[in-house]
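What follows is a single structure, written as structure tokens, with notes after it.
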Amino acid sequence: MPGNVAGVLLAAGSGSRLGRPKALVVVGGQSLARRGIALLRDGGADPVVVVTGAAEIAGGPDPGVVCVRNPDWATGMGSSLAVGLAAVPDRCTAAVIALADQPLVGSESVRRLIAAYTGGASVAVACYEGQPRNPVLISRTHWPEVLALAAGDVGARPFLRRHPDLVTAVECADAGRPDDIDSPEDLARIERLLCPGRAAAT
């Protein structure tokens, strides 16, 4: 039987194109890190592991949230994924991996991925109008190969491309959007979508 499903939020980057660490960027009155935590927790992931790097997340202890720092965050997403998965408790048999810079993804997407896992899928990927994006659920049995293939600024993508037969596609277009925040223009656009009439927080 499937066990607990953890959440892993990758929030270590410096946001070089944005000009500041993405984890600390405020959109819709809440930091991207806090939004990512809520996404995973509200979707049923427990605990939530947050991988930090370029910046620490302000605030006191949060029950059910574990913050771990990736000292090699500058090498890219691959090392952050390794740090995050290593911090997942043994009682968890799978993890939903999400990115901090996609605040329009809905918690329903996480619930659907976990439901797919409960139904027998060992790998489940959120899709938007048929296009695979994030978040992604991967069972613990696959983590060694995921990490062996992850390098630089890529995470689970090489594993997913190598094993399309394992992937269960989960349509989530009605539950959110996978828009990334990579530039000030992206931030302003997403702020307008979340809070029409308000300018992006600075």
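The values are calculated or read from the model by the stated rules, or taken from the named source; none is laboratory data. Everything numeric in this text was worked out from a predicted model, so none of it was measured. No Cβ is skipped: glycine too gets one built from the backbone with ideal geometry, and neighbour counts run over all protein chains shown.
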Checking the structure you have, find out if any residue of segment 83-104 is surrounded by 21 or more Cβ atoms within 10 Å (Cβ to Cβ) and of a type in the set (Asp, Glu). yes
Near pairs, Cβ below 8 angstrom, 6+ apart or cross-chain, from segment 1-25 (within 18 Å of residue 184 (Cα to Cα) and modelled with pLDDT of 85 or more) to any residue that is assigned to a strand (DSSP E or B) and not hydrophobic (A, V, I, L, M, F, W, C): 11/52; 23/31; 23/52; 24/31; 25/31
The residue that is surrounded by the most Cβ atoms within 10 Å (Cβ to Cβ), considering only those in segment 157-178 that are in contact with a Ser or Thr (Cβ under 8 Å, 6 or more places away or on another chain) and in contact (Cβ under 8 Å) with a residue 60 or more places away in the chain, is 172
Could you list, in sequence order, the residues of segment 146-156 that are part of a helix (DSSP H, G or I) and surrounded by fewer than 15 Cβ atoms within 10 Å (Cβ to Cβ)? 148
Answer residue from segment 60-82, given it is without any contact (Cβ under 8 Å) to a residue 24 or more places away in the chain and either assigned to a loop (DSSP other than H, G, I, E, B) or of a type in the set (Val, Ile, Thr) (or both) and is surrounded by the fewest Cβ atoms within 10 Å (Cβ to Cβ) among those: 60
Restricting segment 1-24 to residues that are among the aliphatic types (A, V, I, L, M) and in contact with an Asp or Glu (Cβ under 8 Å, 6 or more places away or on another chain), the residue that is nearest to residue 103 (Cα to Cα): 18
Can you name every residue in segment 36-51 that is touching a residue at least 40 places away in the same chain (Cβ under 8 Å) and crowded, with 23+ Cβ neighbours inside 10 Å? 36, 39, 40, 43, 45, 48, 49, 50, 51
Is one or more of the residues making up segment 124-133 without any contact (Cβ under 8 Å) to a residue 24 or more places away in the chain, buried (at least 17 other Cβ atoms within 10 Å of the Cβ), outside any loop (DSSP other than H, G, I, E, B) and in contact with an Asp or Glu (Cβ under 8 Å, 6 or more places away or on another chain)? no
